[in-house]
Amino acid sequence: MGSWKQLSPSQYHALGMGVAFGMTDVGMVRVSNQDNFHIAPELGLLAVADGMGGHAGGEIASADAITLLCGFIAAASARDGAFDPAADPDATWAGATTKAMVTVHDAVAFANARIYEANVARNRADGMGMGTTLTGMWQPAPHGPAFIFHVGDSRLYCWRGGKLEQLTRDQTLYQQALDVGAPGPLPPRNLLLQAIGPTAAVDPQLTARVLAPGDVYLLCSDGLYGDSDEAAIAAIVSRARDDNLDACCAELVAMARRDGGRDNITALLLRCRAG
């Protein structure tokens, strides 16, 4: 651990599930960028992480969380074999799905444990050390479901059938207050209930999703959606095609900067293959 360079350059990546492009920007206020994103075609994995803990703690945490997650999944794939029932005549989709879900759960837990250990080694009390959000999707088998993993308040959206749907739920005190109908004033939006690293245990949101041809998925940090209207985000994502993801990401970042840019801004787009 300890290297915090941006994990993926701004270039197109071809995955089994489609084509992806990512972009990150420091924003209008911050002096450093604690966001990281990664596109791993060899794993069929996309991830965004938004670090916390100050420069350079948040930068380290966000990069290390993704590196640890990818390393765990790569090792599990090499050790346990393909997560594809076609590779095993006795397997079923249900069995493969359960196996993959356990793997991604354990990968998130492993990343949390390692960063928490680093905090403990630096004498950082529970809740006080470096940490990060971690949100992404992993498709271990061609034509199989994707597995969504989510900790914190970065988000995953899907554009399908003319509608933008938020697939993750913010793990924040603000969202919790909204869910229970608490009277105002509401808590600040950035108070996380879950993060990778500050505490010994973490409870990720995990779901499986069948991808559809033409789907567009947006992974982003809260710097993108925090001050921007969801309809404006949807309008940009709706125009995403295989050959203009870079322009769409740039437009999303420019929108967030124009709307305030108070935090680091990361946008990662995946467009699923048309057939």
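The values are calculated or read from the model by the stated rules, or taken from the named source; none is laboratory data. None of these values were measured; they are calculated from a predicted model. Quick reminder, even Gly has a Cβ in these numbers, built from the backbone with ideal geometry, and neighbours come from all protein chains shown. SASA here: full protein model, heavy atoms, side chains in, ligands and nucleic acids out. Shrake-Rupley method; radii C 1.70, N 1.55, O 1.52, S 1.80 Å.
Within the stretch 2-12, is there a residue that is modelled with pLDDT of 95 or more and either assigned to a loop (DSSP other than H, G, I, E, B) or open to solvent by 60 Å² or more (accessible area, probe 1.4 Å) (or both)? Looking for residues that are modelled with pLDDT of 95 or more and either assigned to a loop (DSSP other than H, G, I, E, B) or open to solvent by 60 Å² or more (accessible area, probe 1.4 Å) (or both), one finds none in the stretch 2-12, hence no.
Test L186 against the stated conditions and say whether it is touching a helix residue (DSSP H, G or I) at 6+ places or on another chain (Cβ under 6 Å), among the aliphatic types (A, V, I, L, M) and open to solvent by 60 Å² or more (accessible area, probe 1.4 Å). Please lay out each step first, then the result.
On the way: touching a helix residue (DSSP H, G or I) at 6+ places or on another chain (Cβ under 6 Å): yes; among the aliphatic types (A, V, I, L, M): yes; open to solvent by 60 Å² or more (accessible area, probe 1.4 Å): yes.
Yes: the conditions hold for L186.
In the stretch 118-132, the qualifying residues are those that are among the hydrophobic types (A, V, I, L, M, F, W, C) and part of a loop (DSSP other than H, G, I, E, B), and the one that is modelled with the highest pLDDT is M130. Is it the case that the stretch 79-95 has a residue that's modelled with pLDDT of 95 or more and surrounded by fewer than 14 Cβ atoms within 10 Å (Cβ to Cβ)? No, the stretch 79-95 contains no residue that is modelled with pLDDT of 95 or more and surrounded by fewer than 14 Cβ atoms within 10 Å (Cβ to Cβ). The one condition from (1) touching a His at 6+ places or on another chain (Cβ under 6 Å); (2) over 20 Å from P41 (Cα atoms); (3) part of a strand (DSSP E or B) that T135 does not meet is (2).
Considering only the stretch 150-170, I want to know if a residue exists there that is open to solvent by 20 Å² or more (accessible area, probe 1.4 Å), in contact with a helix residue (DSSP H, G or I) (Cβ under 9 Å, 6 or more places away or on another chain) and at pLDDT below 95. No, the stretch 150-170 contains no residue that is open to solvent by 20 Å² or more (accessible area, probe 1.4 Å), in contact with a helix residue (DSSP H, G or I) (Cβ under 9 Å, 6 or more places away or on another chain) and at pLDDT below 95.
Within the stretch 150-168, residues that are without any contact (Cβ under 8 Å) to a residue 60 or more places away in the chain reach partners that are in a loop (DSSP other than H, G, I, E, B) and loosely packed, with under 15 Cβ neighbours inside 10 Å with beta carbons closer than 7 Å, at six or more positions or on different chains, in the pairs R160/A212. Can you pull out every residue in the stretch 173-183 that is in contact (Cβ under 8 Å) with a residue 12 or more places away in the chain and open to solvent by 50 Å² or more (accessible area, probe 1.4 Å)? Of everything in the stretch 173-183, those that are in contact (Cβ under 8 Å) with a residue 12 or more places away in the chain and open to solvent by 50 Å² or more (accessible area, probe 1.4 Å) turn out to be L173, Q176. Among the residues making up the stretch 174-190, a single one is under 26 Å from H105 (Cβ atoms) and part of a loop (DSSP other than H, G, I, E, B): N190.
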